[in-house]
2 protein chains.
Amino acid sequence: MPKLDLDAMMPENSTSYPPPFDQPVQGRWKRRLGAIAGLTELGACHVMLKPGAWSSQRHWHEGEDEFLVMLAGEAVLIEDEGETILRPGDCVAWAKGVANGHNVINRGAADCTFICFSAGDAKAGGFYSDIDMKWTADGYSHKDGTPY
Amino acid sequence: MPKLDLDAMMPENSTSYPPPFDQPVQGRWKRRLGAIAGLTELGACHVMLKPGAWSSQRHWHEGEDEFLVMLAGEAVLIEDEGETILRPGDCVAWAKGVANGHNVINRGAADCTFICFSAGDAKAGGFYSDIDMKWTADGYSHKDGTPY
């Protein structure tokens, strides 16, 4: 197919996080490029973060690899080891099953943009590093298994 | 893991194409970011094309989705429908099993750079659009099955 027309795709900022965990991602605007293009094996999500917005709660995946490519602006990557500034062209990879939670926060005054790719078993779920939450094929729960 | 240190990764321009199909990709320099980072579900290949170089012979995959993100410079995307110029930030997606061959050629005077992502069943093989070649789990062959 020809190149994707991103301007023709309406971004959306919905989240299924239970409150109050939904608040930091209100300024996250996504275009699900992979699904729009008919991909079924490869996830590709174009993300624009407004100043102050988070990409997600800090998390890691049990069954999915992830890869982020920074396209525009500047963001801060948060992992167990600390913080790293990301600028256009920077790449970060997270192998499935590695228990090192990560997210990206826009602490600047301008928007920033990246694409996040994923592949593997999404239903295997994963864990959040800083809050009492995990997810499985059945949805979000406390770490003791009690549903939200 | 922290962001990938691309400068520390030696690019390579090897190809397993039989001659003369190997000639157009001599100026293609790859860094296999996904494998280097320990990913097993998601392929991520950073590619720099010298002027004149091709990304590959024009092809499509039976079992793998592909997604290209342009990072620097300019390239020409070739598909059944014709040609499209790609510039930084441009994205192209190819769903598995869609018989529309594609490749990217650097027709400019400067290097260009992109990352190509893939996921799915690599062993399902695929087909080349403009030459008498296909590939399977057993390697390259003529379209009638005779090996190269």
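Worth a mention:
- Computed from point charges on the beta carbon alone (+1 for Lys and Arg, -1 for Asp and Glu), the dipole magnitude for chain A about its Cα centre is near 360 Debye.
- Hits among lysines - C-alpha to C-alpha of B:LYS134 under 28 Å, sequence gap 8 or more where chains match: A:LYS3, B:LYS30, B:LYS50, B:LYS96, B:LYS123, B:LYS143
- ³J(HN,Hα), Karplus 6.51/-1.76/1.60, whole Hz, each residue of segment B:46-57, x for Gly, Pro: 7, 10, 10, 9, 6, x, x, 6, 9, 6, 4, 5
- Charge context of A:GLY73, other residues only, Cβ under 9 angstrom, K/R +1, D/E -1: -1
- List B:TYR17, A:TYR140, ordered by accessible area with a 1.4 Å probe, largest first: A:TYR140, B:TYR17
- ³J(HN,Hα), Karplus 6.51/-1.76/1.60, whole Hz, each residue of segment B:2-16, x for Gly, Pro: x, 4, 6, 9, 4, 5, 7, 9, 6, x, 9, 10, 5, 8, 9
- Surface/4 estimate of mean projected area, convex hull on alpha-carbon atoms of the protein assembly as shown, nm²: 15.8 nm²
- Here the extension length gained between B:THR40 and B:GLN26 equals 2.3 nm, from 0.36 nm per residue of separation less the Cα-Cα distance.
- Using a 1.4 angstrom probe on protein heavy atoms only, the contact between A and B buries about 2800 square angstrom of accessible area, both sides summed.
- Alpha-carbon centroid distance for the pair segment A:17-61 / segment A:66-128, whole angstrom: 11 Å
- For chain B, the relative contact order works out to 24 percent when only alpha carbon pairs closer than 8 Å and six or more residues apart are counted.
- Residue-count net charge about B:LYS123 - beta-carbon cut-off 12 Å; Lys, Arg +1, Asp, Glu -1: -4
- Within the full protein context, the accessible area of B:SER16 is estimated at about 80 Å² for a probe radius of 1.4 Å.
- Take chain A with all the other protein chains still there, run a 1.4 Å probe, and you get 45 Å² of accessible area per residue.
- Rolling a 1.4 Å probe over the protein chains gives B:GLU74 an accessible area of about 90 Å².
- Taking only Cα atoms of chain A, radius of gyration then Dmax in Å: 15.0, 47
- List B:ILE36, B:ILE85, ordered by accessible area with a 1.4 Å probe, largest first: B:ILE36, B:ILE85
The values are calculated or read from the model by the stated rules, or taken from the named source; none is laboratory data. Owing to the predicted nature of the structure, the values given are computational and were not obtained by experimental measurement. Glycine gets a Cβ as well: all are built from the backbone with ideal geometry, and neighbour counts include every protein chain shown. Quick note on the areas: whole protein, heavy atoms, side chains included, nothing else; ligands and nucleic acids left out. Shrake-Rupley method; radii C 1.70, N 1.55, O 1.52, S 1.80 Å.
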